[in-house]
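Undergrad: Before I ask anything, let me first share the structure, which is written out below as structure tokens.
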């Protein structure tokens, strides 16, 4: 099912894409120094950065469209929720031993994703019904 995307959803997807791209570049290119500061494994940071770059491309594609398949929007919303859950699980699991800066880094980015997802959901609710194919 293709749906008309509200301007709020498109703008928020654009912001989400830009932040994912910025974090993706920083974490991919700067995994070693960020790892030293945060206590997070550089390989984890670099892998997460690569994922963020791919996600940014999908979000940017959606942001540039007036209509899109509804399941793609739900994929973004679900992916964001999964990212937050994985971030919290990472801290709670004991798999990593982040510094205080690392803990704040993980929690701050998770909180940012929660905020973007909430606005994207409002934008989804404001979006129109089925668009002509």
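The values are calculated or read from the model by the stated rules, or taken from the named source; none is laboratory data. These numbers come from a predicted model, not from an experiment. Positions of Cβ are backbone-derived with ideal geometry, glycine not excepted, and every protein chain shown enters the neighbour counts.
Undergrad: Looking at the stretch 109-124, is at least one residue assigned to a helix (DSSP H, G or I), surrounded by fewer than 19 Cβ atoms within 10 Å (Cβ to Cβ) and more than 18 Å from the chain's Cα centre (by Cα)?
TA: No, the conditions are met nowhere in the stretch 109-124.
Undergrad: Next question. In the stretch 40-64, how many are more than 17 Å from residue 110 (Cα to Cα) and not in a helix (DSSP H, G or I)?
TA: So the count comes out to 2.
Undergrad: Hey, residue 95 hits all of (1) in a loop (DSSP other than H, G, I, E, B); (2) free of Cβ contacts under 8 Å to residues at least 60 places away in the same chain; (3) closer than 30 Å to residue 128 by Cβ but one; which does it fall short on?
TA: (3)
Undergrad: Quick test for you: out of 86, 110, pick the one residue that is over 15 Å from residue 12 (Cβ atoms), modelled with pLDDT of 95 or more and touching a helix residue (DSSP H, G or I) at 6+ places or on another chain (Cβ under 7 Å).
TA: Selected residue: 110, the only one of 86, 110 that is over 15 Å from residue 12 (Cβ atoms), modelled with pLDDT of 95 or more and touching a helix residue (DSSP H, G or I) at 6+ places or on another chain (Cβ under 7 Å).
Okay, residues lined up against (1) without any contact (Cβ under 8 Å) to a residue 12 or more places away in the chain; (2) part of a helix (DSSP H, G or I); (3) more than 11 Å from the chain's Cα centre (by Cα):
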{"position": "84", "(1), (2), (3)": "no, yes, no"}
{"position": "87", "(1), (2), (3)": "no, yes, yes"}
{"position": "91", "(1), (2), (3)": "no, yes, yes"}
{"position": "104", "(1), (2), (3)": "yes, yes, yes"}
